[in-house]
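Peer 1: Structure provided below as structure tokens; questions to follow.
The values are calculated or read from the model by the stated rules, or taken from the named source; none is laboratory data. A quick note: this is a predicted structure, and the numbers were derived from the prediction, not measured. Here the Cβ positions follow ideal geometry from the backbone for every residue, glycine too, while neighbour counts run over all protein chains shown. The protein model used for the area step is the full one, side chains on, heavy atoms only, and it has no ligands, DNA or RNA in it. Shrake-Rupley method; radii C 1.70, N 1.55, O 1.52, S 1.80 Å.
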Amino acid sequence: VLELLRAVQRGSEDRKRSLSRLRWALQNKETQQKFVRLDGSIRTLIGIFTSSLADMQMEAARCLHELSHSSDPAVAEACLPVTSYLLTYLSGHSVEFMELCLYTLGNLVVESEAVRKQLLPQGIIPVLASCIQSPHEAVLEGLGYVLSQLLQAKEAPTEIIPLVLDSVLPQHMLRLVCSGLKAGIGAAVEFAWCLHYIVCSHTANAALLSLGALPALTSLLLDLASEIPQDAPEGLELLVCPVLRCLSNLLAEETGCEVQIQDERLLIALFLILQCFLQQHPFIVQECLWLLNNLTADEPFFCSALLSLDLLPALLQLLPCSQMASVLVLTVLCNIAEKGPAYCQQLHRQPALPLLLPTLALPDPEVVGQCLELLHLLFLHWPEAAADFVTQGGHRALEQHQSTPELQERARALLDMVRQPLGASAFSPCHTTLSAFS
């Protein structure tokens, strides 16, 4: 490494070849650590990086990019002197060069708070805002990467997100996400995650709602669902996931914003997405169910639509998918049952009770507890369900849980209800909108 550095410093004829060999050497973690400790190493790279020789600049940029991959904060901090030049070169250079600078910045901000603290006063947010109207997908994808790394920093809610909100970035991010596949799926994915990180801070949701984020993301989800049965591009699930999370978290806010998206097509889109990704990408099932829960938690419109569109059988089929899927399916059913007798009557007409009996036999207290919650609501609002439950032997399943500490009180209360179907409630419902994963 020292020999390569000296060859680069001497400016010999094979300087470019030495830089190229150095770049390959810097892919090794130990080499990275040794290199930054050599006297004048970073200064030499910066000198070439800022020279007027384009091919040498590019090789130096590649060396810096390799260094930025280091997980050692000391290596990132050794690169502090180059940050201002990386920002400067985000305008007026080749697409490949800009892309290298963006990914180098993104890698550096991940590992070092010192780098982030230096970049903010240097104006990284305004510089990124000026780049977001680039026509080049590669530049946009790199820009999205830098932003997503910044927005995940621990100081993001107080120091970074306010600067982002004061710029043109949010509206352009929303535009690029909602252009979906037209802007290139890579860039759309990066900006969708950026929006997700902003939403998760819970300090910016009013600003995003004022930009029309809810109807825009809803419309995007409808478009994505319409693409699925035809020729869905590879990696589509990577875009669907943050879009679902953004919508879920926006709906979890106590803003009354759910009235803005009373569109039953959203339910159809959700179930199309569920059907498409169930086998290969089961994590999407959980994301869809989070959103479905938040849609049905307070708003009767989506509860009615789910029943009238005959989507309940498809929902019930998701019960065995996973522990979390079971809990969420049962929570959505609770949301529907809570709306009163007419809703419970329709649930009773569907083959819900026979599917709930095997659920009661599961060893998972959380799943069984949510099942007991649903049964309580059904029996309370539609006593005929309690009679059918007994006919099918459900009381025996309840008796088995009388000795389970966290379930025994509710199990006994339900046994009292099936013996006296018109009796008063022994425990109160427990359900609410849920913030999706942050």
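Peer 1: Among the residues of segment 400-415, which ones are in a helix (DSSP H, G or I) and either open to solvent by less than 60 Å² (accessible area, probe 1.4 Å) or farther than 16 Å from Leu362 by Cβ (or both)?
Peer 2: Residues satisfying the conditions are Gln408, Glu409, Ala411, Arg412, Ala413, Leu414, Leu415.
Peer 1: In this structure, is Arg62 surrounded by 13 or more Cβ atoms within 10 Å (Cβ to Cβ), of a type in the set (Lys, Arg), touching a Leu at 6+ places or on another chain (Cβ under 9 Å) and closer than 23 Å to Gly92 by Cβ?
Peer 2: yes
Peer 1: If only one of Glu254, Glu299, Glu227 is more than 25 Å from Leu176 (Cα to Cα), open to solvent by 50 Å² or more (accessible area, probe 1.4 Å), acidic (Asp, Glu) and at pLDDT below 95, which one is it?
Peer 2: That would be Glu254, the only listed residue that is more than 25 Å from Leu176 (Cα to Cα), open to solvent by 50 Å² or more (accessible area, probe 1.4 Å), acidic (Asp, Glu) and at pLDDT below 95.
Residue-by-condition table, conditions (1) touching a residue at least 40 places away in the same chain (Cβ under 8 Å); (2) open to solvent by less than 10 Å² (accessible area, probe 1.4 Å):
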position	(1), (2)
Asp310	no, no
Gln317	no, no
Val332	yes, yes
Asn335	yes, yes
Glu338	yes, no
Ala342	no, no
Gln346	no, no
Pro358	no, no
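Peer 1: Of all the residues that make up segment 178-217, how many are open to solvent by less than 10 Å² (accessible area, probe 1.4 Å) and assigned to a helix (DSSP H, G or I)?
Peer 2: Within segment 178-217, residues that are open to solvent by less than 10 Å² (accessible area, probe 1.4 Å) and assigned to a helix (DSSP H, G or I) number 15.
Peer 1: Show the residue pairs that are 6+ apart or on different chains and have beta-carbon atoms under 8 Å apart, the first residue being within segment 176-203 and free of Cβ contacts under 8 Å to residues at least 60 places away in the same chain, the second being open to solvent by less than 10 Å² (accessible area, probe 1.4 Å) and part of a loop (DSSP other than H, G, I, E, B).
Peer 2: Leu176/Ile132; Ile198/Ala204
Peer 1: Are any residues in segment 257-285 at pLDDT 85 or above, outside any loop (DSSP other than H, G, I, E, B) and of a type in the set (S, T, N, Q), and if so, which ones?
Peer 2: Gln275
Peer 1: Can I ask one more? Which helices (runs of 4 or more DSSP H) does segment 1-57 wholly contain that include 2 or more residues that are surrounded by fewer than 18 Cβ atoms within 10 Å (Cβ to Cβ) and touching an Asp or Glu at 6+ places or on another chain (Cβ under 7 Å)?
Peer 2: Per the criteria, 15-25.
Peer 1: Then there's this: Can you pull out the residues in segment 377-397 that are among the small types (Gly, Ala, Ser), part of a helix (DSSP H, G or I) and exposed (fewer than 15 other Cβ atoms within 10 Å of the Cβ)?
Peer 2: Ala387, the sole residue that qualifies.
Peer 1: In segment 124-155, what residues are under 17 Å from the mean Cα position of the chain (by Cα) and small (Gly, Ala, Ser)?
Peer 2: Residues satisfying the conditions are Gly144, Ser148, Ala153.
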